[in-house]
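The values are calculated or read from the model by the stated rules, or taken from the named source; none is laboratory data. Just so we're clear, the structure is a prediction, and the values are computed from it rather than from any experiment. Cβ sites come from the backbone with ideal geometry, for glycine too, and all protein chains shown count toward neighbours. The area values use the complete protein model at the heavy-atom level, side chains included, leaving out ligands, DNA and RNA. Shrake-Rupley method; radii C 1.70, N 1.55, O 1.52, S 1.80 Å.
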Amino acid sequence: MTAEWLRDAVLYEIYPQSFADSDGDGIGDLRGVIDRLDHVASLGVDAIWFNPCFASPFVDAGYDVSDYLQIAPRYGTNDDLVELVEKAGERGIRVLLDLVVGHTSIEHPWFQAELHAAGPSPEGDRYIWTEELPDRRWVVDLPGTPSWVPSPGPRPGWYLRNFYDEQPALNFGWLEPSEPWMDATDGPGPRRNVAALREILDFWLSRGVAGFRVDMAFSLVKDFEIEGGLAASTAIWRELREWLDEAHPDAVLIPEGPEPRTGERLAFDADFELVIFQAHSSLFDNRGAGQLPFHGHLEPFFDAEGRGSTRVFLDAIARARETDRRRMVLLASADHDFSRMRCGSRGPEQLGAAYTFLFTFGTVPCLYYGDEIGMRYLPGMPDVEGAICNPGYNRAGCRTPMQWDDGPNAGFSTADPSRLYLPVDPSPDRPTVAAQDGVPDSTLTLVRELLALRRETPSLQGTASTRWSRRATPSPGCAARRTWWW
Ligand code: BGC
């Protein structure tokens, strides 16, 4: 069952570290968000998606969770989250959390228990261990790729990581276990982890949260290369969805990325065309920031030179809706892993066309905090909390503090600038909410007006049917003359 509210929704992504710091420690927190809810409501968005705000040593900005049921003390308490959910609800805004399912932190008690054990747990291992290095295929240096890491504790051997070394992969088993270290997907360790996922979902949904964006949703069962491998991960999601339909029917689950088509019923409420995926990149890629090596550069359609094509994007939308013409597709302005919408040669003049498209095309748009005022991606930012994955890929530039006004630290925090999570954009002409508020031709006004127009015009919303007409190759250099024909 798909929650109807999502169909016409607009999401707003908040990177909690950088939005608003209420206690002056230089890092954003939930109280800061509560204080700024009027701004969020003024945009006209329907739901906030928070990056992980759970207890964590923050090796990967919170994507390394050490307690899924506890808000990280630096952000506040579980009660603060409940208060935020209530106060957002009073303004018609729902709250989505980020569920990191493929791995935990090495500091999670589950991992610590296995690390300090002499061998496999009689109840089934929650992580993937081997005493002998089996296969070079699983030994790679690229962060974000499963690889064996030598055990840092009493337990002999190696464990499999999912992203950074400090993010051990949770064990959801293998479809075709062919090595001694592989459990079947219905083995006791994998089943313990599925049960734990249900408890985590239930815990937060019972506290008023509306759903989750699911990090690396298809990295559960790691038989990526064999037929049916992805289907095995999807089967777990379908099982959870069936339980949700009974226990929390309005809850939404949104995967990171498009849901693989496995020939079975879909498990998630939508596909997410995130910044990492080609369809998004064909529209908004701006080449100003680090890109993943496999990403490939496409000429973006929304660009001053106007050399790009909409083909890849339209094909992806058509694919997503092949078996369900009402299938929702989320499209982000940017996110916490890549450049912002304003980056490279795309300045405020080009943002207008990009945002008009983003908010009216018929997707579920997701606005990244700060993009409503055209905050810039800032190259050369320091490596904070695992932001730099490799020398060419720096995520810190899209994670800098929100620019509220002309006060100290752009109104983000009262801390000494040396204590800020990341430096504030130093440019004298950095955009701020205060400077754009009520100004007729500002980016902020445009975003508010577009969202208001969308709200009062059903044909611009996510559920409206869309027909697009292709016209011959656009003449080069004529970006300004393009119409909304494709
Ligand atoms: C998140 C990243 C994170 C990675 C590992 C990604 O999909 O968006 O920020 O580093 O998962 O959890």
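Quick look at the values:
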| read-out | value |
| --- | --- |
| Lone unmet requirement of (1) in a strand (DSSP E or B); (2) open to solvent by 20 Å² or more (accessible area, probe 1.4 Å) for Asp80 | (1) |
| Selection count where residues are open to solvent by 10 Å² or more (accessible area, probe 1.4 Å) and closer than 12 Å to Ala316 by Cα, scope region 261-279 | 3 |
| Candidates Phe284, Phe301 - the one that is closer than 19 Å to Arg342 by Cβ, open to solvent by 10 Å² or more (accessible area, probe 1.4 Å) and at pLDDT 85 or above | Phe301 |
| The listed residue being within 15 Å of the ligand (Cβ to nearest atom) and open to solvent by 10 Å² or more (accessible area, probe 1.4 Å), out of Phe163, Phe224 | Phe163 |
| Enumeration of residues in region 363-375 that are away from the ligand (no atom under 16 Å from the Cβ) and either over 19 Å from Leu11 (Cβ atoms) or assigned to a loop (DSSP other than H, G, I, E, B) (or both) | Thr363, Gly370, Gly374, Met375 |
| Among the candidates Ala117, Ala217, Ala169, Ala184, residue that is more than 30 Å from Ala88 (Cβ to Cβ), within 16 Å of the ligand (Cβ to nearest atom) and of a type outside the set (D, E, K, R) | Ala169 |
| Hits in region 266-275 (condition: assigned to a loop (DSSP other than H, G, I, E, B), out of contact with any Ser or Thr (no Cβ under 6 Å at 6 or more places or on another chain) and within 12 Å of Val214 (Cα to Cα)) | Phe268 |
| Which numbered condition Arg155 misses (of (1) in a loop (DSSP other than H, G, I, E, B); (2) open to solvent by 30 Å² or more (accessible area, probe 1.4 Å); (3) at pLDDT 95 or above; (4) more than 16 Å from the ligand (Cβ to nearest atom)) | (2) |
| Qualifying residue in region 19-31 (condition: open to solvent by 10 Å² or more (accessible area, probe 1.4 Å), closer than 25 Å to Glu385 by Cβ, β-branched (Val, Ile, Thr) and out of contact with any strand residue (DSSP E or B) (no Cβ under 7 Å at 6 or more places or on another chain)) | yes |
| Residue satisfying condition, being touching a Pro at 6+ places or on another chain (Cβ under 9 Å) and either touching a residue at least 40 places away in the same chain (Cβ under 8 Å) or more than 16 Å from the ligand (Cβ to nearest atom) (or both), within set Ala320, Ala334 | Ala320 |
| Members of region 248-265 that are assigned to a loop (DSSP other than H, G, I, E, B), away from the ligand (no atom under 16 Å from the Cβ) and under 20 Å from the mean Cα position of the chain (by Cα) | Ala251 |
| Residue selected from region 1-18 under the condition open to solvent by less than 10 Å² (accessible area, probe 1.4 Å) and of a type in the set (A, V, I, L, M, F, W, C), by the criterion farthest from Arg448 (Cα to Cα) | Ala3 |
| Which numbered condition Leu201 misses (of (1) buried (at least 22 other Cβ atoms within 10 Å of the Cβ); (2) under 15 Å from Thr130 (Cα atoms); (3) not basic (Lys, Arg)) | (2) |
| Any hit, region 392-406, residues being open to solvent by less than 20 Å² (accessible area, probe 1.4 Å) and over 20 Å from the mean Cα position of the chain (by Cα) | yes |
| Output for region 386-427, where each listed residue is more than 16 Å from the ligand (Cβ to nearest atom) and aromatic (Phe, Trp, Tyr) | Trp404, Phe412 |
| Selection status of Asp383, under 15 Å from Val275 (Cβ atoms), part of a loop (DSSP other than H, G, I, E, B) and either more than 16 Å from the ligand (Cβ to nearest atom) or open to solvent by 10 Å² or more (accessible area, probe 1.4 Å) (or both) | no |
| Test: residue in region 233-247 that is buried (at least 22 other Cβ atoms within 10 Å of the Cβ), within 16 Å of the ligand (Cβ to nearest atom), in a loop (DSSP other than H, G, I, E, B) and not aromatic (Phe, Trp, Tyr) | no |
| Filtered residues of region 4-62 (kept if farther than 22 Å from Asn409 by Cα, among the aliphatic types (A, V, I, L, M), within 16 Å of the ligand (Cβ to nearest atom) and not in a loop (DSSP other than H, G, I, E, B)) | Leu11, Ala55 |
| Residue match in region 340-362 (condition: under 21 Å from Val10 (Cβ atoms), within 16 Å of the ligand (Cβ to nearest atom), open to solvent by less than 10 Å² (accessible area, probe 1.4 Å) and at pLDDT below 95) | yes |
